[in-house]
């Protein structure tokens, strides 16, 4: 086979080589887990003991130089201890922390300090990268028990629980478990496919296989994030058989295309004849519609002329009726005005008669004697004066009237 199974392993390396191993692997193998070498030691204790010794000498002899040397040795020991306690976890990885060999938890990316010598980082696990895994399966039988030459299966997985992965299985054992699970899933899928439809496995939906792998690998803290079948190879003899079938199929397809072209040409000819007939029919329909429109116009014009004549006759009759009605109304108005004039003349005559009566009455009144009334019903002291006035006025009235007063 040109391609082989991907290999997964874990490596023991110094802290400076962890990044390269996790990102690039080792000798073509995938390295998702690195066991770091513990660089811490107890050499700094020698400096502590030396500082204690020089401090004792300084106390015994009182030398200032010995005290300074003790301080310097103690400071160097603390700096050495601080440098060795620094643990840096790279971004995208997780450190598995242990104490006295027992796993106590994880360390996220960043800088950490492990002051106690029995606290260690047992493993650094890549928990963010989707690790590609290729598995070419050889001699997979189909539903007709025909062994396929190979089926290449590709998947991506990610470690979601580094503690479960390191404690339960480890990278080396996981490689065996994953290859066995993938082979079993591929063989089960190929058993459900007929040989002639084997190429349909390329790029087919493998969601059920992914779910099955997740159920098997979930207890190890691993989750499959994607899977597909990029290539399927049939046996050589069956490929020749398929080549012959493809040749026959191509010839059949060529004959079918030729027949399809002939059929299309015939159909196009018939469609052209049909279109020509439709155009002729449409032209005749247009002529018939034009004749109908002309006849409709003539009929409409005749109806319009008749309606105009009938309207003229109706207007003449209405005009003659209105004239007769107006004449009758004018005659009635004249008679009414004549009656009003007669009535007005009678009133004038009556007024004139009444006025003349008034004139006659006035003349008669002028010639009638005028009575004189003298009031003598007042007080007693006015009786003499009244009598005197009456005696003066009587001659005037008798003279002006010209008639004797009774």
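The values are calculated or read from the model by the stated rules, or taken from the named source; none is laboratory data. Here the structure is a predicted model, which is why all the values come from computation and not from measurement. Here the Cβ positions follow ideal geometry from the backbone for every residue, glycine too, while neighbour counts run over all protein chains shown.
The table that follows gives values for the structure above.
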{"item": "Counted residues, region 326-365 - those being at pLDDT below 75 and under 30 Å from residue 392 (Cβ atoms)", "result": "1"}
{"item": "Test: residue in region 169-177 that is in contact (Cβ under 8 Å) with a residue 60 or more places away in the chain and closer than 15 Å to residue 135 by Cα", "result": "yes"}
{"item": "Residue in region 168-175 that is in a strand (DSSP E or B), assigned by TED's automatic domain parsing to the domain that holds residue 204 and surrounded by fewer than 20 Cβ atoms within 10 Å (Cβ to Cβ) present", "result": "no"}
{"item": "Residue check for residue 158: surrounded by 14 or more Cβ atoms within 10 Å (Cβ to Cβ) and either out of contact with any strand residue (DSSP E or B) (no Cβ under 7 Å at 6 or more places or on another chain) or assigned by TED's automatic domain parsing to the domain that holds residue 202 (or both)", "result": "yes"}
{"item": "Number of the condition not met by residue 187 [criteria: (1) surrounded by 13 or more Cβ atoms within 10 Å (Cβ to Cβ); (2) under 23 Å from residue 35 (Cα atoms)]", "result": "(2)"}
{"item": "Selection status of residue 144, over 18 Å from residue 165 (Cα atoms), surrounded by fewer than 16 Cβ atoms within 10 Å (Cβ to Cβ) and assigned by TED's automatic domain parsing to the domain that holds residue 12", "result": "no"}
{"item": "Residues of region 197-223 satisfying the condition of being free of Cβ contacts under 8 Å to residues at least 12 places away in the same chain and surrounded by 13 or more Cβ atoms within 10 Å (Cβ to Cβ)", "result": "214, 218"}
{"item": "Residues that are more than 48 Å from the chain's Cα centre (by Cα) and crowded, with 18+ Cβ neighbours inside 10 Å, drawn from region 19-34", "result": "34"}
{"item": "Residue match in region 205-224 (condition: closer than 19 Å to residue 25 by Cβ and not in a helix (DSSP H, G or I))", "result": "yes"}
